[in-house]
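Enquirer: Pasting a structure here, questions to come.
The values are calculated or read from the model by the stated rules, or taken from the named source; none is laboratory data. In this text the structure is predicted, and so the values were computed from the model without any measurement. Cβ placement follows ideal geometry from the backbone for every residue including glycine, while neighbour counts extend to all protein chains displayed. Calculation scope for accessible area: heavy atoms of the full protein, side chains included, ligands and nucleic acids excluded. Shrake-Rupley method; radii C 1.70, N 1.55, O 1.52, S 1.80 Å.
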Amino acid sequence: MITGSFPIAKLAHRETPFYYYDTRVLRETLAEVNTCASVFAHATVHYAVKACATSEILRIIAQAGLGADCVSGGEIQAAIEQGVTPDKIVFAGVAKTDREIRYALEQGIACFNVESQAEVEVIDRLAAEMGRVANVCLRINPNIDAHTHAKITTGMRENKFGIQMCDLEEAVRDVVQRQHIAFKGLHFHIGSQITDMQVFAVLAERINELVVRAEQIAPVQHINVGGGLGILYEHPNHFPIPDFRAYFDTYRRCLHVREDQTVHFELGRSIVAQCGNLMTRVLYVKKGVEKQFAIVDAGMTDLIRPALYGAFHRIENISNPDAEEQTYDIVGPICESSDVFVEGYRIAQVQRGDLLAIRSAGAYGEVMASRYNLRRLPGHWIE
Ligand code: LLP
């Protein structure tokens, strides 16, 4: 599939900035995920709701049969409202509150991904009060470098996420003796925007060792490998669908899975990034001494990734795609010098009123928007 043609007539009259989601890209992506995941006899892909929780998008994902990976009570509620059944919901996070744990127990979610022994104790107590049994996977920190951006790496040793490998046996022993907890297996997640399959191969091998260690104490039924598959931000038009085949095949090759075990994946970015675009209009073109600035009406409040992580998003002038290219710093309206989408960027010459598409913005875009400067939250339009 090649994308990149925008329904300009439908988009042009809308108030900017807003997110435009192309559901054709989303549906094709989901079909590919389902096809490629079927190399496993028993696998569930839990969509990581944190990437994009826009209700229409969640509904399409639920309809495709995916489960949900949630990190708050709010995400669990959103997933259920859009049709994900609780038996396909997993709940992670280092700081689950009592209220969230009770809510998840009431709903009967599939599994808690537990990040510390202190949390095990709380879940056990709350489940006992409610007369329930909580299914639990222990999140183990596998100490693997995801070779990705430092701010989105989570699997290294000195990290707030997960239980240390050296504490694995003690944690499993603790869980299995608790009355209101059922030990289901192990959970991992090492980071995000990973494009080198070798990293997942190394993780799979580490998981194999850890499963053997855990099984000295209790059977591991669930192996949850987390998410993290990256996308090509440079090439949204030519590679709109990530290489799910390589991803699932890597685990198929490297992860030891028995017939009685299920494998769980928690993909976020790779599912929704390429279907979303932040649409913004050029307000002013301003010439500096050596630079020229294209000042647009979207800012870091609408898409924080460039300011927060130095992330790159391709930007296209969809009003005048064939104009001669010029070089700009494309910047937003927020009173912060970090409110820059890209510097020294070649793009078809822009003028006031032109509509620009900031590409690959479906993941960690709209959902991370804020009202800083008392701006309005960006809207969205879905087709
Ligand atoms: N599972 C867990 C436990 C996670 O913490 C995450 C993401 C995922 C799954 C989904 O990872 P994905 O497949 O999307 O890579 N805001 C950052 C990304 C933060 C990722 C946080 N955890 C960004 O815009 O790049």
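Enquirer: Round to the nearest 10 and report in Å² the accessible area of residue 87, as given by a 1.4 Å probe over the protein chains' heavy atoms.
Expert: Here the accessible area works out near 110 Å².
Enquirer: Compute a Gaussian network model of the chain, connecting alpha carbons closer than 10 Å, and tell me which residue from 305, 258, 102 fluctuates the most.
Expert: Maximum among the listed residues: 258.
Enquirer: Assuming a ≥ b ≥ c are the square roots of the Cα gyration tensor eigenvalues, decide whether segment 137-269 counts as rounded (a/c under 1.5), prolate (otherwise, with a/b larger than b/c) or oblate.
Expert: Prolate shape, in that a/c is at least 1.5 and a/b is the bigger ratio.
Enquirer: Top mean-square fluctuation among 236, 321, 86, Gaussian network model of the chain, C-alpha springs under 10 Å?
Expert: Most flexible of the set in this elastic network: 321.
Enquirer: When N counts the residues of segment 41-170, how does its alpha-carbon radius of gyration compare numerically with 2.2 N^0.38 Å, as a ratio?
Expert: Against the compact-globule rule of thumb, the ratio is 1.09.
Enquirer: If I compute solvent accessible area with a 1.4 Å probe over the protein chains, what percent of it on segment 1-58 is carbon and sulfur? Mind dumping the intermediate values first?
Expert: Working: 1220 of 2380 Å².
Carbon plus sulfur share of accessible area: 51 percent.
Enquirer: May I pose another question? For segment 238-347, what % of the accessible area comes from carbon and sulfur atoms, probe 1.4 Å?
Expert: Numbers: 2450 of 4890 Å².
Accessible surface attributable to carbon and sulfur in segment 238-347 totals 50 percent.
Enquirer: Sticking with this one: Go ahead and estimate [θ] at 222 nm for the chain from helices alone: -39,500 (n - 2.57) per DSSP H run with n ≥ 4, summed, over the residue count, rounded to 500.
Expert: Roughly -8500 deg cm²/dmol at 222 nm, from the helical runs in the chain.
Enquirer: Now for a separate question. Over segment 89-237, what percent of the accessible surface lies on carbon and sulfur atoms, probe 1.4 Å?
Expert: It is 47 percent, rounded to a whole number.
Enquirer: Of the beta bridges DSSP finds with both residues in segment 84-235, what % are antiparallel, to the nearest 5?
Expert: 5
Enquirer: What net charge do the residues around residue 312 carry, taking every other residue with its C-beta under 12 Å from that of residue 312, with Lys and Arg at +1 and Asp and Glu at -1?
Expert: Values: positive: 305, 314, 359; negative: 234, 343.
Its environment carries a net charge of +1.
Enquirer: May I ask you to list the GluC sites (Glu not before Pro) in segment 1-70 that are in a DSSP loop and have at most 13 other Cβ atoms within 10 Å of their Cβ? Let's see the in-between values first.
Expert: Details: sites: 15, 28, 32, 56; in loops: 15.
Here the GluC sites (Glu not before Pro) that fit, given the DSSP loop and packing criteria, are 15.
Enquirer: Full extension from residue 320 to residue 167: what is 0.36 nm times the residue separation minus their Cα-Cα distance, to one decimal in nm?
Expert: Separation in residues times 0.36 nm, less the Cα-Cα distance, equals 49.2 nm.
Enquirer: With a 1.4 Å probe and every protein chain left in place, work out the accessible area per residue of segment 84-242 in Å², rounded to a whole number.
Expert: Heavy-atom SASA per residue in segment 84-242 reads 42 Å².
Enquirer: Once the dipole of the chain is set up with Lys and Arg at +1 and Asp and Glu at -1 on Cβ about the Cα centre, which of 217, 113, 368 lies farthest towards its positive end?
Expert: Checking the options against the dipole of the chain, the answer is 368.
Enquirer: Still on this structure: If I build a Gaussian network model for the chain, linking alpha-carbon pairs within less than 10 angstrom, which residue out of 71, 289, 114 has the largest mean-square fluctuation?
Expert: For the chain, modelled as a Gaussian network with Cα springs under 10 Å, the answer is 289.
Enquirer: Near residue 287, which lysines are there with a Cα under 26 Å away, not counting those fewer than 8 places off in the same chain?
Expert: Filter leaves no residues.
Enquirer: Using 21 Å as the Cα-Cα cut-off, could you pick out the over-long pairs in 10/50; 50/160; 50/184?
Expert: Beyond 21 Å: 10/50; 50/184.
Enquirer: Please work out the Kirkwood hydrodynamic radius for segment 232-288, using every pair of different C-alpha atoms, and report it in angstroms with one decimal place.
Expert: Taking every pair of different Cα atoms in segment 232-288, averaging 1/r and inverting gives 15.1 Å.
Enquirer: Another question, if that's okay. Among residues other than residue 11 whose Cβ falls under 13 Å from its Cβ, what is the net charge (Lys/Arg +1, Asp/Glu -1)? Walk me through the numbers before you get to the answer.
Expert: Working: positive: 10, 14, 281; negative: 15, 22, 316, 354, 383.
Result for the local shell: -2.
Enquirer: Setting aside same-chain residues fewer than 8 positions from residue 291, which aspartates and glutamates have a Cα under 12 Å from its Cα?
Expert: Cα-Cα hits under 12 Å: 329, 343.
Enquirer: Per residue, what accessible area does segment 306-383 have, given a 1.4 Å probe and all protein chains present, in Å²?
Expert: Using a 1.4 Å probe on heavy atoms only, each residue of segment 306-383 averages 49 Å².
Enquirer: Report, by chain and number, residues whose modeled amide H sits under 5 Å from the one on residue 164, excluding near sequence neighbours (fewer than 5 apart, same chain).
Expert: 141
Enquirer: Could you calculate, for the chain, the ratio of the Cα radius of gyration to the Kirkwood radius, expressed as Rg to Rh?
Expert: 1.01
Enquirer: While we're here: In the chain, what percentage of the DSSP-assigned beta bridges are antiparallel, given to the nearest 5?
Expert: 40
Enquirer: Count the DSSP beta bridges whose two residues both fall in segment 228-383, then state the antiparallel fraction as a percent rounded to the nearest 5. Mind dumping the intermediate values first?
Expert: On the way: 18 of 21 bridges.
Among the beta bridges of segment 228-383, antiparallel pairing accounts for roughly 85 percent.
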